[in-house]
1. Take the residues in segment A:162-194 that are polar (S, T, N, Q) and facing chain B (nearest Cβ under 9 Å), then tell me which one is nearest to B:ARG48 (Cα to Cα).
2. Looking at segment B:19-42 only, could you name the residues that are of a type in the set (S, T, N, Q), within 11 Å of chain A (Cβ to nearest Cβ) and out of contact with any helix residue (DSSP H, G or I) (no Cβ under 8 Å at 6 or more places or on another chain)?
3. Being exposed (fewer than 14 other Cβ atoms within 10 Å of the Cβ) and modelled with pLDDT under 80: is that true of B:TRP97 here?
4. Out of curiosity, is A:ALA171 under 22 Å from B:HIS36 (Cα atoms) and either outside any loop (DSSP other than H, G, I, E, B) or at pLDDT 85 or above (or both)?
5. Among the residues of segment A:130-142, how many are within 8 Å of chain B (Cβ to nearest Cβ), closer than 22 Å to A:LEU160 by Cα and not hydroxyl-bearing (Ser, Thr, Tyr)?
6. Would you pick out the residues in segment B:2-29 that are surrounded by 13 or more Cβ atoms within 10 Å (Cβ to Cβ) and modelled with pLDDT under 75?
7. Would you mind listing the helices (runs of 4 or more DSSP H) fully within segment A:1-88 where at least 1 residues are at the interface with chain B (Cβ under 7 Å from one of its Cβ atoms) and touching a Leu at 6+ places or on another chain (Cβ under 9 Å)?
8. Within segment A:34-80, which residues are without any contact (Cβ under 8 Å) to a residue 40 or more places away in the chain and among the charged types (D, E, K, R)?
Amino acid sequence: MLQHTDEELVVLIQTDPSPARYQDELFRRHYDRVALWCLRYTGDRDAALDAAQEVFLRVQKGLRHFAGQAKFSTWLFTIARNYCFNELSRTRRQAEVSIDAPETAELANEPTMPVDEALSRAEQLQQAREWMTKLLSEEERQAYSLHYGEGIPISTVTRLLGLSNPSGAKAHLVSARRKLSEAVRRWKVGHETP
Amino acid sequence: MKPPETLLQRQPDCPSIDTLASYAESPQQAASLRPHIEACANCQTEIRLLNSFLEAKPAEHELADTRQLASQLQARFTSPKATTRAGGAWWTGWRIWVPAMSMLLVIAAGLQWQRQTDATANAPVYRDIPRIEVYIPRQGEQIAFSEFRWQAVPAAANYSLTLTEVDGTVAFAGASPTASLSLDAKTKGLLLPRKTLHFSVEALDGAGKTIARSASIRIRIEPASPKAPKTNE
């Protein structure tokens, strides 16, 4: 069975009258990565176990519909990512605010860049991408995108990105904010009508 | 100041995660994506998360927890196995013994208590678990829940049941000579709304030796509207 790819195992699970051993093998290959992902997302072993089980239950349920257009591992990632981002975020966000209250609130209440009146949405998008690409480091960009774009709590961003600096993603967010604020200020000066 | 959140999220021109995965695997073959990905923080972040998921390299402080979690997942999702007989191919043993033992467990998970004034009339909704083939009510179906039931194992003299908390703490342990166990008030009291428990059962022969065991079945009970009961899905 070891010679089968993940995708071949999925086909066997879908077609073999005794699919249990194929599913055992397929799942066995991925327990570590789902466990680690859920551990990083939740930051708590018990919650991670619950989340990881939910992910595998969803995989079990969806296997019969898996058409093999993507790699199994990519599909599995999508399920784990979406479950954590969508299902767990709402409840965890509440808890997170109370932990990081002062600085999280400061970042959350930060005003958005006031360029919407001057630029079309496509232009705003292009401008935002340009600033983020040119001004921010890779980790600043990714922390910023996860926290502000996806609404992922700061401590979770720190774990997901594997940041080991003392203040984790918070430092990257503060630095990114400073750089973007300066870019917006300069942009406004350059576009002010006399 | 910060860019509006909507500009930081996935945009219509962002490639699908499958396409990003192809790019991550072989940037040369998906070179046409490079300009977009190099300019898009969202796509870069997706690729980084995907890579970190696939690499699955726990840091030192994550090692023990990851191993323990993986081991718990394996215990809960691995199907019951037949004993391998010395000198024979593993599947020979499987084919001989499994008809008697493999189909063991048939229990539903994802119970949902209805709020009713009469506590003894609670009617749970079962959620099916794909591994289990029979005795599973359809999703959303309500049945009177008064016992755990599973498929009988012919050689079993007794069954040992366990309900555990998510951290592995045993909340209830019991035994039954038949393939069911009626719930007494104390056991029902463990099935609190929004609480997750794991149920498992082992079949024992006359000498007390385990001859078959179920997967660990996750049970979660959620309060439901009396008029429109919901399932967990």
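The values are calculated or read from the model by the stated rules, or taken from the named source; none is laboratory data. As the structure is a computational prediction, the values presented were derived from the model and not from experiment. Ideal geometry is used to build each Cβ from the backbone, glycine not excepted, and the neighbour counts take in all protein chains shown.
1. So the residue we want is A:SER164.
2. B:SER22
3. For B:TRP97, the condition - exposed (fewer than 14 other Cβ atoms within 10 Å of the Cβ) and modelled with pLDDT under 80 - is not met.
4. No: the conditions fail for A:ALA171.
5. The number of residues fulfilling the criteria is 5.
6. Of everything in segment B:2-29, those that are surrounded by 13 or more Cβ atoms within 10 Å (Cβ to Cβ) and modelled with pLDDT under 75 turn out to be B:LYS2, B:PRO3, B:PRO4, B:GLU5, B:THR6, B:LEU7, B:LEU8, B:GLN9.
7. In segment A:1-88, A:20-28, A:31-42, A:45-62, A:72-82 are the helices (runs of 4 or more DSSP H) which contain 1 or more residues that are at the interface with chain B (Cβ under 7 Å from one of its Cβ atoms) and touching a Leu at 6+ places or on another chain (Cβ under 9 Å).
8. Listed by number, the residues that qualify are A:ASP44, A:ARG45, A:ASP46, A:ASP50, A:GLU54, A:ARG58, A:LYS61.
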